[in-house]
1. With +1 on each Lys and Arg Cβ and -1 on each Asp and Glu Cβ, and nothing else charged, work out how big the dipole of the chain is about its Cα centre, in Debye to the nearest 20.
2. Work through the residues other than Leu89 whose Cβ is under 13 Å from its Cβ and net out their charges, Lys, Arg +1 and Asp, Glu -1.
3. Taking every pair of Cα atoms in the range 108-297, average 1/r, invert it to obtain the Kirkwood radius, and report Rg/Rh to two decimals.
4. Of the cross-linked pairs Lys78/Lys344; Lys116/Lys314; Lys397/Lys429, which ones have a Cα-Cα span greater than 32 Å in the structure shown?
5. Would you calculate a helix-derived [θ] at 222 nm for the chain, using -39,500 (n - 2.57) for each DSSP H run of n ≥ 4 and dividing by the full residue count, to the nearest 500?
6. With Cβ to Cβ distances under 15 Å as the rule, what net charge do the other residues near Arg313 carry (K, R +1; D, E -1)?
7. Tilt of helix 29-58 relative to the longest C-alpha principal axis of the chain, in degrees (0 to 90, nearest 10)?
8. Starting from 0.36 nm per residue, how many nanometres of slack lie between Asp188 and Arg313 once their C-alpha separation is accounted for?
Amino acid sequence: MTQTMESEKLGDKVATSQSTVETVPAPPRTGSRFRIVALVVLFIALVAGAIAVYLHYQNRVSSDDANVDGHIAAIAPKISGNVLDVAVLDNQAVKAGQVLVRIDPRDYQARVDQAKAALLEAESKLHSARVTIPMIDETTQSGNTAATAQLADAVAEVARARASWQQASTSDLAVAEANVRTRQASNDRAQADLTRMQPLVDKAEISRLQFDAYTAAARVTVGELQAAQQKLASARQDVEIRKAALDAAQTKVNQAQAQVEASVANRKQVGIREADAGTAAASVESYRATLEANQLMLSYTSIVSPIDGVVTRKSVEVGQIVQPGQGLMTVIPLQDTWVTANFKETQLANVRPGQKAEIHIDMYGQTVAGHVDSIAGATGSRLSLLPPENATGNFVKVVQRIPVKILVDRTNGLILRPGMNVDVTIFTK
């Protein structure tokens, strides 16, 4: 029914327009010329505008699929502990190095103190070991020198004792034995003479004076023989004494040799002490590394801002027990931002890094200048969490979009916040 009414209205309008046309008189000839001129001018203007629009958009590509990006710093603790203080509020501006959160440091301070004590003890042991090395070196060196000197004296004494023993056992003993034999021969002759003279004196063939001389000579030879025998016994005893002295000197040589070997063994204590000093030095380095690690853990109790920016999404409160890696807040730098524009792949044939660009910011309705920094190495769909699988029977070809990074040259005092929508135009020439 509605369509019927609309048809009737349309028929009435057509009839009215036909009657109007029939009643309007023909325009004058001059008016027709004016209209023709106006139509020509309008056509030329339209053509010129179309050419201008074509030329305007020929060397530029645009995309409204663009957003502001920035280095968003997620703040998380490296250690676990109880939060003592939260020094910032949501949306508060902070500087790099400014303290954001403080964690209870007492447990970590105790570990640092223990590590310091252990390091001091290790350094003391190292100092003691290093001081002992020169003392032991000098002591053992002196003992070795003394033992070597004693060994040399003992060897010389052995040489002297051996020479004395050899002399006593050869020449001195031979002389004494020869002297005994000589005295024995003299005594035998004197005794024989006395025996021969005894009958003569009894017969008074010789005088008593002569017999007394033979008797005295016999007694002298007996005394000389006894003296020679005593000298021989003394020489033999001296040989034994010299032999005992040689044995004693040899014993001293053995003792001196043992002392030298002991001093050489003691010299090895220097190497042992040096090894102990090396072990102590390694312990010092180990304890120093432990101390540095504990000091580093202690420094983590103060969480600071890594960059200048604005605190966002603060989720930590005083008294909360935090764990390593737990998100506490986010710091967003407002002065270090750029634009990521997703252009169609068909638009990027002539786009190169360094080309000028215009960025229209929806929030302010203003445009700022920039330039192309780089073009992504893959399309957005390929870098998505679930890339499309094109190896299917119902594949439909879709124009892909490739992210292009645009750096802002001048912000003109405008604040660009990550996530804001913008329109980007790149001038390819």
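What follows draws every value from the coordinates through simple rules; no lab data is involved. The structure presented is a predicted model; accordingly, all values stated were derived computationally and were not measured. Backbone-built Cβ (ideal geometry, glycine too); neighbour counts: all protein chains shown.
1. Taking the Cα centre of the chain as origin, the dipole is about 880 debye.
2. Computed value for this residue: -1.
3. 1.66
4. Lys78/Lys344; Lys116/Lys314
5. When only DSSP H runs of four or more count, the value is -20500 deg cm²/dmol.
6. Charge balance near Arg313 sits at 0.
7. Roughly 10 degrees, rounded to the nearest 10.
8. That pair, Asp188 and Arg313, stretches by 31.0 nm at full extension.
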